[in-house]
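Take a look at the structure set out below.
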Amino acid sequence: MEPVEINAGTWYLRALRADDRIDDRPALAELGEHDPGYVDDSLARWAADTGYSWAVCEPTTGELLAEVTLDPANTAPATRARQGHDGAAAAAAEAVRRFGEAFDGEPRRLL
């Protein structure tokens, strides 16, 4: 599956990026993620339908405030947030939970 963008009210959810326009790796490092290949691995999981992740962003700047991940076998999203942005992570997690349930109406299965 291609990465899916989600509008979660105040927050904008998009695929993780590390390119010439947006580089999420410094913000991910603040979350404890120091693997330089993490963004590429995240995109590979999307393509293989083995896992989904979103950068939870401030919509006017695109700055990553939190990350939400979802295992296709479970609609319970996992979150991690930069300091002061737990509310953004919680709102995004609820939107991602609904995204997971929308596939077939069963709350525990994506595909």
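The values are calculated or read from the model by the stated rules, or taken from the named source; none is laboratory data. Keep in mind that this is a model prediction, so the values were computed, not measured. Cβ coordinates were reconstructed from backbone atoms using ideal geometry, including for glycine residues, and neighbour counts include every protein chain displayed.
Looking at (1) surrounded by fewer than 20 Cβ atoms within 10 Å (Cβ to Cβ); (2) among the hydrophobic types (A, V, I, L, M, F, W, C); (3) assigned to a helix (DSSP H, G or I), which is the only condition Ala88 fails?
(1)
Being under 19 Å from Glu2 (Cα atoms), assigned to a helix (DSSP H, G or I), of a type outside the set (A, V, I, L, M) and touching a residue at least 12 places away in the same chain (Cβ under 8 Å) is the filter here; which residues of segment 18-51 pass it?
Tyr38, Asp40, Ser42, Trp46
How many residues does segment 1-30 hold that are over 11 Å from the mean Cα position of the chain (by Cα), within 21 Å of Phe99 (Cβ to Cβ) and surrounded by fewer than 17 Cβ atoms within 10 Å (Cβ to Cβ)?
5
For Gly105, state whether it is within 20 Å of Glu5 (Cβ to Cβ) and at pLDDT below 95.
Numbers: within 20 Å of Glu5 (Cβ to Cβ): no; at pLDDT below 95: yes.
Criteria not met by Gly105.
Based on this model, can you work out whether Ala76 counts as among the hydrophobic types (A, V, I, L, M, F, W, C), within 24 Å of Ala102 (Cα to Cα), touching a helix residue (DSSP H, G or I) at 6+ places or on another chain (Cβ under 9 Å) and part of a loop (DSSP other than H, G, I, E, B)? Break it down stepwise before answering.
Details: among the hydrophobic types (A, V, I, L, M, F, W, C): yes; within 24 Å of Ala102 (Cα to Cα): yes; touching a helix residue (DSSP H, G or I) at 6+ places or on another chain (Cβ under 9 Å): yes; part of a loop (DSSP other than H, G, I, E, B): yes.
Spelling it out, Ala76 is indeed among the hydrophobic types (A, V, I, L, M, F, W, C), within 24 Å of Ala102 (Cα to Cα), touching a helix residue (DSSP H, G or I) at 6+ places or on another chain (Cβ under 9 Å) and part of a loop (DSSP other than H, G, I, E, B).
Residues that are more than 24 Å from Thr10 (Cα to Cα) and modelled with pLDDT under 95: does segment 37-45 have at least one?
No.
If you take the residues in segment 46-58 that are closer than 14 Å to Leu16 by Cα, surrounded by fewer than 17 Cβ atoms within 10 Å (Cβ to Cβ) and not acidic (Asp, Glu), which one is nearest to the chain's Cα centre (by Cα)?
Residues of segment 46-58 that are closer than 14 Å to Leu16 by Cα, as a first pass: 46-47, 51-58.
Right, trim to surrounded by fewer than 17 Cβ atoms within 10 Å (Cβ to Cβ) and you get 47, 51, 58.
With not acidic (Asp, Glu) added as a condition, the list becomes 47, 51.
Values: Ala47: 14, Gly51: 10 Å.
Across segment 46-58, the extreme among qualifying residues is Gly51.
Matching residues to (1) within 15 Å of Leu13 (Cα to Cα); (2) among the aromatic types (Phe, Trp, Tyr); (3) touching a Leu at 6+ places or on another chain (Cβ under 9 Å):
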site: Thr50; (1), (2), (3): no, no, no
site: Trp54; (1), (2), (3): yes, yes, yes
site: Glu58; (1), (2), (3): yes, no, yes
site: Leu64; (1), (2), (3): yes, no, yes
site: Val68; (1), (2), (3): yes, no, yes
site: Asn74; (1), (2), (3): no, no, yes
site: Asp86; (1), (2), (3): yes, no, no
site: Ala92; (1), (2), (3): yes, no, yes
